[in-house]
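What follows draws every value from the coordinates through simple rules; no lab data is involved. Note that this is a predicted model, so its numbers are computed, not measured.
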Amino acid sequence: MLHGMTSEPEQQWGVGTQDAFQRLWTPHRMAYIQGENKPTGPGADDGCPFCSIPAKSDEDGLVVRRGEQVYAVLNLYPYNGGHLMVVPYRHVADYTDLTDAETVELGTLTKQAMTALRSASGAHGFNIGMNQGSVAGAGIAAHLHQHIVPRWGGDTNFMPVVGHTRVLPQLLADTRKMLAEAWPV
């Protein structure tokens, strides 16, 4: 048992009917739910975070690797620890609008990200993909980005299923540093 926790249900005021469940509060997720850091429109000047990240330091922007056409960045609201995105510098929404050079470098950084994640964290597998358009689930549909989500055997436990909560065992700044150091040259 964790310090301060008991196996006995406690009265939890303000959370509805007492149901014997403990609560894991994740207030940092409220920023995502409320749309913080989301653009106000489809243009690059409408607050697109993917357009502003490259102007920041690697540490402040959570950038793991910079290429000539695209960059790799940690997801601020990750599905799993080490969740990266490969993003073109150019504000473009659709995969078919990428130049050949952007397409090649996006693929190259994706392969390098997988290598770095295997080396740094022992990832067993990956979910890799893009959500094209709002109706397909893209949180920021106006700026293309490819997700690289590391997976481990048994990483889907009761938390996401029952608690709709992700447990991330490491701070994003520490993950960024670890992956940047493990990135293949």
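Listing for the model above:
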| item | result |
| --- | --- |
| Fully extended contour minus Cα-Cα distance, from Asp100 to Ala44, at 0.36 nm per residue | 18.0 nm |
| Per residue convex hull volume, Cα atoms of the range 56-182, in Å³ | 107 Å³ |
| Linear extension gain, Glu59 paired with Trp152, 0.36 nm per residue minus alpha-carbon span | 30.9 nm |
| Fully extended contour minus Cα-Cα distance, from Val92 to Leu171, at 0.36 nm per residue | 25.5 nm |
| Inverse of mean 1/r across different Cα pairs in the range 90-129, Kirkwood, Å | 11.6 Å |
